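Enquirer: Encoded as structure tokens, here's the structure I'll be asking about.
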Amino acid sequence: TRPTTTNTADEVVQVIAGAATDIQPGEMRQVDLWEGKRALLVRRPLPGTSQSQAPTEADFFAVSANCTHYGAPLRSGALGQCAEEVLRVRCPWHGACFRLDTGDIEEFPDCGSLHRFQVHLDDKKQVIITANKQALLNPKRQVQFCKADLSADRRVFIVVGAGAAGCTAVSTLRGECKFRGRVILVGAETSLPYDRPKLSKSLRVRTSAIRLHERSFFDDLDIELILGCAVTDLDTASRTLTLQDGRLLRYDRCLLASGAAPRRIAVPNHQLGNIFVLRTPSDASHIASTVPGKHVCILGSSFIGMEAAAAVAKTAASVTVIGMEKTPFERVLGAEVGSALQQLHEKNGVVFRMQRTLREYRGNNGIVTEICLDDGTVLPADVCILGAGVIPSTEYVRKEQVTVFRDGSLVADAHLCVAPSVYAAGDICRYPYHLAAGRSVRIEHWATAGEQARVATRNMMRDSDPAAPSSPSSGLGAVSSSATPVSISSAPHSHSGSQSHSRLQPFRAVPFFWTQLFGKSLRYAGHAYQYDRVVIRGDLGRLQFVAFYVLSDQVLAVATMNMDPLAAQLAERLHSTESLRLDEVDREELLAGKL
């Protein structure tokens, strides 16, 4: 690539990216633009078995070169399709997807959109990229948000839960949806929304460093915040929410995204000090300041427990993980992958006590000092960290109005609706998974929570009639007048309005999550609600492998380490075809050059 004549005073820069015929169909090429700033240039792949033909301007797209989440090079990602004739690129690290025609974020972490640059062919059939310099200085494209205008729209939309899902919902309302009614965000925590997954990977992270937005963001967009105040009752019949301080709020549409609470282990002396859960910045801070030089016992051998073990291994006197399964991660990742990750931890000094449960805590002067396991083993424990799963926070829901599953989650339809005018997202949401013939699943992934909130918010807008809103209310605690209720669809298990049902968007994202242990990243795409075998390709000992989770020869999910961008590629394959047989992996050379 080479830039045309330009200087720093110019508003735009033009770059010759190469001859159009030299860029192959489906190729993703990184192009230097200006002062270290780059673009991702993509040529549209050929459909099916079509023969190559002379490319036109419409075959080329140029967007920002790096993901807006953590800066991953999108050239190393996966090219896919989000709609007919509309291409997208998926980040190889964390699965964020971006439309190539607009640069808009399409799925997963609510991290901002890409810039899209103009592409044209000159008389010599060279590809020319034109970029605005000011845009290049900001890696994220600024979304055009709106503010409230109650004279134009008097509806009230309330979001319960100020986590990733709640934050995505309110920003989507003011951004993509251009909703001008009242938006109220209610959260039980006092903190502004933050990037929760970072807590278990870096205990000493500052709260200010992981905020998703500053308070000024919400103030500028007329998003009303009620933080440090939990919801105690939801009445779908009257469309009201009762807060713990007694305030009553009426809504036209409501999104429930209240998350989950860490599961406590109710054994003798569980009230002793230095027994921690890991859910909030305060939890992480207390653990980080208490652990150095102490004997640490971690109760639970799945993601939170294993990430916590990796986070404290260097500073603790000892770290012991207690798990119920034969190997860590066994239920989700299988015994072979779990064993490899156990060995990684053991090389870093972590000790494991598997197939064991906790019998009791023991302590002195109100502080835990040791624990006793079910086989009578006594371990020193100055600090205990619980990683025993979570319980959906849905105590405020009336079971006669909303279907509550046995684990406390809320049963939603394909559009994430749980009751007339009420939707759900995140840890509390159980929905029909389209890649499992509609089997009901609950996905505890941060990225999935955000994407569910985005889809649910769109449906809240499509399911709501702006011509018949509630009456305006002056204060946060004021009660608006009643609105016309939405009728319930006659479709089984569907709660969304029947008149607008066909306009609603089903939630059909392929789950994608990641973890990081001692500097090693594992990526997981899909959802293996059950599997009859795990097929490993690669070298588990070197932690360079892909694991296929297979049920009746269908690949339901994959886990990879040091195999980028394979997880992203297979996620796109599941997204586009909704099925993948194990024998197709070899036949289509998906692993070519990776083993």
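Enquirer: Can you tell me the FRET efficiency between Arg398 and Thr21 if r is taken as the Cβ-Cβ distance and R0 is 56 Å, rounded to the nearest 0.05?
Expert: The pair Arg398/Thr21 has a calculated efficiency of 0.30.
Enquirer: Using the alpha-carbon centroid of each, what span in Å lies between segment 226-257 and segment 129-172?
Expert: The distance from the Cα centre of segment 226-257 to that of segment 129-172 comes to 23 Å.
Enquirer: I'd like the distance separating the alpha-carbon centroids of segment 344-421 and segment 516-595, in whole Å.
Expert: 28
Enquirer: I've got another one for you. So what's the back-of-envelope 222 nm ellipticity for the chain, counting only DSSP H runs of four-plus at -39500 (n - 2.57) apiece and dividing by all residues, rounded to 500?
Expert: After summing the helix terms and dividing by the residues of the chain, the value is -4500 deg cm²/dmol.
Enquirer: Continuing with the same structure: Quick one: Karplus J couplings for segment 522-539, per residue in order, coefficients 6.51, -1.76, 1.60, θ = phi - 60°, nearest Hz, x for Gly and Pro?
Expert: Computed from phi, the couplings for segment 522-539 are 10, 10, 9, 10, x, 8, 8, 4, 7, 8, 9, 6, 10, 9, 9, 10, x, 10 Hz.
Enquirer: Something else about it: With unit charges on the beta carbon (Lys/Arg positive, Asp/Glu negative), name the residue among Ala414, Gln544, Ala567 whose Cα is farthest towards the positive pole of the charge dipole of the chain.
Expert: Looking along the dipole axis, the top candidate is Gln544.
Enquirer: Quick check: pseudo-label points 7 Å beyond the Cα along Cα→Cβ at Gln142 and Glu346, how many nm apart are they?
Expert: About 5.5 nm, to one decimal.
Enquirer: Quick check for me: using +1 on Lys/Arg Cβ and -1 on Asp/Glu Cβ, what's the dipole size of segment 208-272 about its Cα centre, in debye to the nearest 20?
Expert: 400
Enquirer: Quick one: which of 326-332, 280-286 comes out on top by average Cβ neighbours within 10 Å, and what's the full order, highest first?
Expert: 326-332, 280-286
Enquirer: Please report the antiparallel percentage of the DSSP beta bridges confined to the chain, to the nearest 5.
Expert: 70
Enquirer: If r is the Cβ-Cβ distance from Gln118 to Ser216 and R0 is 45 Å, what FRET efficiency results, to the nearest 0.05?
Expert: 0.90
Enquirer: Taking amide H atoms as placed 1.01 Å from N in the peptide plane, list the residues 5 or more away in sequence, or in a different chain, whose amide H sits under 5 Å from that of Thr369.
Expert: Arg362, Gly363, Asn364
Enquirer: Over all distinct Cα pairs, what is the inverse of the mean 1/r for segment 175-228, reported as the Kirkwood hydrodynamic radius in Å?
Expert: Its Kirkwood hydrodynamic radius stands at 12.6 Å.
Enquirer: Set the bar at 29 Å for Cα to Cα. Now go through Lys37/Lys125; Lys198/Lys347; Lys201/Lys326; Lys37/Lys198; Lys37/Lys347 and name every pair that lies beyond it.
Expert: Lys37/Lys347
Enquirer: Run the numbers for Arg503 and Ile536: contour at 0.36 nm per residue of separation, minus the present Cα-Cα distance, in nm.
Expert: 7.7 nm
Enquirer: Determine Rg/Rh for segment 507-595; Rg is computed over alpha-carbon atoms and Rh is the Kirkwood hydrodynamic estimate from the same atoms.
Expert: Value, to two decimals: 0.94.
Enquirer: Take the solvent-accessible surface of the protein heavy atoms, probe 1.4 Å, and return the percent of it on the chain that carbon and sulfur atoms account for.
Expert: 46
Enquirer: Would you grab the residues whose amide H sits under 5 Å from the one on Gly387? Only those 5+ places off in sequence or on another chain, please, with H modelled 1.01 Å from N.
Expert: Leu299, Gly300
Enquirer: Quick one: if the Förster radius is 51 Å, what FRET efficiency do Glu11 and Arg439 give, using the C-beta to C-beta distance and rounding to 0.05?
Expert: Once rounded, the FRET efficiency stands at 0.45.
Enquirer: So with the 1.4 Å probe, I'd like the accessible area per residue for the chain, rounded to whole Å².
Expert: 42
Enquirer: With +1 on each Lys and Arg Cβ and -1 on each Asp and Glu Cβ, how big is the dipole of the chain about its Cα centre, in debye rounded to the nearest 20?
Expert: 660
Enquirer: Quick one: net charge of Ser318's neighbours, Cβ under 13 Å, K/R +1, D/E -1?
Expert: Neighbour charge sum, excluding Ser318 itself: 0.
Enquirer: I would also like to ask the following. With labels modelled as points extended 7 Å from the Cα through the Cβ direction, what inter-label distance (nm, one decimal) is found for Ile391 paired with Arg263?
Expert: 1.1
Enquirer: Let me ask another. Find out how many positive minus negative residues lie around Pro268, taking Lys and Arg as positive, Asp and Glu as negative, among other residues whose Cβ is under 12 Å from that of Pro268.
Expert: Once positives and negatives cancel, what remains is +1.
Enquirer: If you don't mind, another one. Mind listing the long-range amide H neighbours of Asp233? Cut-off is under 5 Å, sequence gap 5 or more, other chains count too, H placed in the peptide plane at 1.01 Å from N.
Expert: Placed amide hydrogens put Thr242 under 5 Å from Asp233.
Enquirer: Could you check the simple spin-label distance between Gln554 and Lys178, using points 7 Å along Cα→Cβ, in nm with one decimal?
Expert: Taking the simple label geometry, Gln554 and Lys178 are separated by 4.1 nm.
Enquirer: Near Asp375, within a Cβ-to-Cβ distance under 11 Å, what is the net charge of the other residues, with Lys and Arg +1 and Asp and Glu -1?
Expert: Charge balance in the 11 Å sphere: +2.
The values are calculated or read from the model by the stated rules, or taken from the named source; none is laboratory data. Just so you know, these numbers come straight off a predicted model, no measurement behind them. In this analysis, Cβ positions are derived from the backbone assuming ideal geometry, glycine residues included, and neighbour counts consider all displayed protein chains. Accessible surface is based on the protein model in full, side chains and every heavy atom, while ligands, DNA and RNA are left aside. Shrake-Rupley method; radii C 1.70, N 1.55, O 1.52, S 1.80 Å.
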